[in-house]
Amino acid sequence: MIYRHNNAMIDNSFLHRLLGGMPPAIFLKRYWQRRPLYIQNALDPKDLQLTRDELFDLASSSEVESRLVQNSRGRWQLSHGPFQQLPAAKKDWTLLVQGVNWHHDGAHALLQKFRFLPQARLDDLMISYAVAGGGVGAHFDSYDVFLLQAQGRRRWRISAQSDLSLKADLPLKILDCFTPEQEFICEPGDLLYLPPRYAHEGVALDPCMTFSVGFRAPSHQEWVTEFYLKWSEHLDLEGHYADPKPDFHADRPGEIPIQMLSALTDLIQKKRPEKKDLTLFLGEYLSEPKPHLSFKAQSIRPDAFVRRLKRSGLALNKRSLMLYHGSYVFLNGESFMCSPLERKPLHLLANQGYLTPQQCQLLNNSLLEQCHVWFQNGWLHLHTKTSPC
Ligand code: SIN
Ligand code: CO
């Protein structure tokens with residue numbers, strides 16, 4: 001695995017501590033997608049600050065995806081938010097709030113520190129709050145996850161078991177048979193990294209809050225289906241089927257003529273997606289914001305925008321995702337072709353999440369116009385270098 005570490009974009013002291021002093025390249029080679037890693041005191045608890053009330057507030061909003069898992073006398077129950085009220089503390093329950101980084105500046109700032117991994121792979125920051133004894137049961141996830149303990153203690157039991165069959169007829173995925181092999185008590189600041197499909201079970205020992213940095217791993221089915229759906233929207237084929245050399249069997253009118261099958265085979269083989277089609281699809285698909293997220297339009301005159309941006313710099317909105325490949329740049333599901341000169345500032349914006357006032361000097365007139373449009377869409381905001389978010 002190749003890992004290119006660009007010091008300018010990564011918070012090295014954060015990363016050094018997060019990985020227990022291990023160079024990121026070693027982490028990627030030995031652990032990423034392979035084996036679990038437990039690091040005590042991996043984070044400064046000040047990087048994990050969000051109060052219980054802030055989390056409950058988010059869970060009461062219809063813009064935020066939240067779930068409540070309850071276990072009462074061995075019976076699992078799952079309900080979906082928004083929640084105006086949560087159960088009493090003496091019951092076993094866990095509240096799970098998805099995508100907190102899209103709604104909370106501190107959570108967004110924490111996720112920015114994970115820019116040592118491709119943004120195309122990063123999904124969101126989920127935060128759980130559990131009362132003592134609460135948990136979501138023994139299960140596995142299909143993606144890598146960094147479990148960061150923010151408040152209270154949680155006991156994790158994990159297993160490399162290959163039997164991942166699930167209990168039938170439950171509202172959530174619970175392993176039929178869980179055989180724990182290792183156990184860790186995570187305290188505030190501790191990290192447990194788990195690769196995909198690694199069995200685990202977390203039980204709150206105290207009222208506790210756990211942050212999960214989750215990664216995206218589209219299923220092959222979803223990926224290919226989405227590609228063909230999107231690609232077909234741009235297909236513009238001319239002509240109709242014809243029978244230039246009819247060879248029909250008068251006694252078998254119910255049979256599909258072989259010429260029709262060959263004609264379709266020829267058409268499909270000639271019209272194969274090209275690399276450009278796949279690149280455009282991938283960038284637009286990956287950078288598309290989740291459907292429930294909205295952006296607030298903001299209005300500013302172009303000249304005032306340029307003046308302010310050169311003073312304060314520019315940053316992606318916390319709901320925006322910018323990616324690039326070759327001469328294409330993707331922002332929030334849209335693609336843009338850029339010239340070699342335009343690549344530098346846009347790649348910087350995609351890699352860092354912001355441009356300093358100095359880096360904004362690299363924007364030519366056409367990019368300034370484009371940034372003005374993005375700003376008015378609410379996809380970008382002005383920021384000062386001291387507070388990239
Ligand atoms: C939790 O935070 O309670 C669950 C996280 C997980 O198991 O992936
Ligand atoms: Co999990």
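The values are calculated or read from the model by the stated rules, or taken from the named source; none is laboratory data. These numbers come from a predicted model, not from an experiment. Because the Cβ atoms are built from the backbone with ideal geometry, glycine has one as well, and the counts that use them run over all protein chains shown.
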Could you pull out the residue among Val329, Val373 that is at pLDDT 95 or above and either touching a helix residue (DSSP H, G or I) at 6+ places or on another chain (Cβ under 6 Å) or part of a strand (DSSP E or B) (or both)? Val329
Residues Ser294, Ser262: which one is assigned to a loop (DSSP other than H, G, I, E, B) and more than 16 Å from ligand 2 (Cβ to nearest atom)? Ser294
Against the definition (away from ligand 2 (no atom under 11 Å from the Cβ), out of contact with any strand residue (DSSP E or B) (no Cβ under 8 Å at 6 or more places or on another chain) and under 17 Å from Pro196 (Cα atoms)), how does Ser142 come out, yes or no? no
Subset of the stretch 176-195, residues within 12 Å of Ile158 (Cα to Cα) and surrounded by fewer than 22 Cβ atoms within 10 Å (Cβ to Cβ), comes to Phe178, Thr179, Pro180, Glu181, Gln182, Glu183, Phe184, Ile185, Pro195
From the set of residues in the stretch 50-94 that are of a type in the set (Phe, Trp, Tyr) and under 22 Å from Leu125 (Cα atoms), which is surrounded by the most Cβ atoms within 10 Å (Cβ to Cβ)? Trp93
Of residues in the stretch 212-243 being within 16 Å of ligand 2 (Cβ to nearest atom) and among the aliphatic types (A, V, I, L, M), the one surrounded by the most Cβ atoms within 10 Å (Cβ to Cβ): Val213
Taking the stretch 201-211 and the residues there that are among the hydrophobic types (A, V, I, L, M, F, W, C) and farther than 17 Å from Glu183 by Cβ, the one that is nearest to ligand 2 (Cβ to nearest atom) would be Phe211
